[in-house]
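Worksheet for the structure shown next.
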Amino acid sequence: MMTEAHITYKRLRNIALTAPVKDKLLLALTREQPCCLCGHGAPSDPHHVFGSAVSLKSSDVFVVPLCRDCHTKVEAAPSTNASLIEPLVIHMNKLIIWFLENMDETPEM
């Protein structure tokens, strides 16, 4: 039986792989964050929660900051990606707040 977390994971994965967004600024901001698993300070590796650089191209929107040790552990056990949904949402919220605080007064339309 699928849990709500699995359904959410599958839906987000489909979104991430349908129209991947590539953004160097998102990756740079992610590198400046502490590891979302152990709290180790920056710099962090941006980890794509859905897909991988080798097999599937995933959106840079769906990344979490991981220290090198945690990144190595997660890459070795891809099934742990589903447990990264909560840290992913928290990280995405931080990015949204950063963008809102740093937006120009009159954004271009």
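The values are calculated or read from the model by the stated rules, or taken from the named source; none is laboratory data. Everything numeric in this text was worked out from a predicted model, so none of it was measured. Glycine also receives a Cβ, built like all others from the backbone with ideal geometry; neighbour counts cover every protein chain displayed.
Structural remarks
- Extreme residue, farthest from LEU84 (Cα to Cα), among residues of region 39-54 that are part of a loop (DSSP other than H, G, I, E, B) and modelled with pLDDT under 80: VAL54
- Unique residue being out of contact with any Gly (no Cβ under 8 Å at 6 or more places or on another chain) and touching a residue at least 60 places away in the same chain (Cβ under 8 Å) when the list is LEU66, LEU26, LEU84: LEU26
- When residues of region 26-38 are limited to those that are out of contact with any Phe, Trp or Tyr (no Cβ under 9 Å at 6 or more places or on another chain) and more than 18 Å from SER83 (Cα to Cα), the one modelled with the lowest pLDDT: LEU26
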